[in-house]
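All remarks here apply to the structure that follows.
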């Protein structure tokens, strides 16, 4: 023990403490350095595309923003539809595992969910194009014939089912395991005293979950949703295998004219790209990088606003 300049007593720094402290600082610095290096690389390689003259960009786009606009729309649109499917289902499955299922069934379901997270994306893509798309095609025709007054289901139906809705369903299945696993762990950490108090006051199990579990887990649910959204935004192989892309901005989800995603476009075009075309792909990757960064920043802000909620376990 030593006495500091302000009269405070401080512990003597041992060798192990110095090594651990230095290691954490180095690890954090490496992460920041890699992130900065990726950003600098993307910006440097993107300049030729951003400053390119009209007619030199792919698809005869007059400027880079016209070229990347449909790709940004397709990326956000497919991911948004996927999250509409995935968020409520993941919360429901996680609640069933944590608060409703018997212990043995909950353990088995937990293992299955964890195993699904390890399935390669190309497998999901093959399942989507060979199984899901043909199975959904009759349903797409039914939607188009009966509820085409809803703009989403208008247009000419893709006979093979290779639509943005099929892609969104596959993306939802892909992000379900990790979102469910995170929500499950958060629900299991809910304050036991709060749950028992709600039940003791006569609340039903659902009322107890609504009053004690969900408020506690809200930051974790937001984090799980943002993590799933990040994977949906950046998914490549499943989108490239399933989607029939076009250079359009369309909200219709069952037609053959589907907006492509940034990641899918890079995967399809990178092998043959060169010059300004290659720079355009890198620049679109920079846009995806910025979108992902903004999504994570918003998630951190939302979680930070609600982190004051806590309870005794």
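Details
- Residue match in the stretch 154-167 (condition: within 27 Å of residue 220 (Cβ to Cβ) and in a helix (DSSP H, G or I)): no
- Verdict on residue 237 being touching a helix residue (DSSP H, G or I) at 6+ places or on another chain (Cβ under 8 Å) and at pLDDT below 85: yes
- Here 279, 250, 223, 274 are screened, and the one residue that is in a helix (DSSP H, G or I) and over 26 Å from residue 181 (Cβ atoms) is 279.
- Residue under evaluation residue 165, criteria (1) at pLDDT 85 or above; (2) out of contact with any helix residue (DSSP H, G or I) (no Cβ under 6 Å at 6 or more places or on another chain); (3) surrounded by fewer than 20 Cβ atoms within 10 Å (Cβ to Cβ), criterion not met: (3)
- Selected residue (only one of 106, 6, 49 is outside any helix (DSSP H, G or I) and either at pLDDT below 90 or touching a strand residue (DSSP E or B) at 6+ places or on another chain (Cβ under 8 Å) (or both)): 6
- The condition (being within 30 Å of residue 223 (Cβ to Cβ) and in a helix (DSSP H, G or I)) is satisfied by just one residue among 119, 129, 170: 170.
- Of residues in the stretch 82-109 being free of Cβ contacts under 8 Å to residues at least 40 places away in the same chain and under 20 Å from residue 215 (Cα atoms), the one surrounded by the fewest Cβ atoms within 10 Å (Cβ to Cβ): 88
The values are calculated or read from the model by the stated rules, or taken from the named source; none is laboratory data. Small disclaimer: the values here were computed from a predicted structure and weren't measured. Note that we place each Cβ from the backbone using ideal geometry, even for glycine, and neighbour counts take in every protein chain shown.
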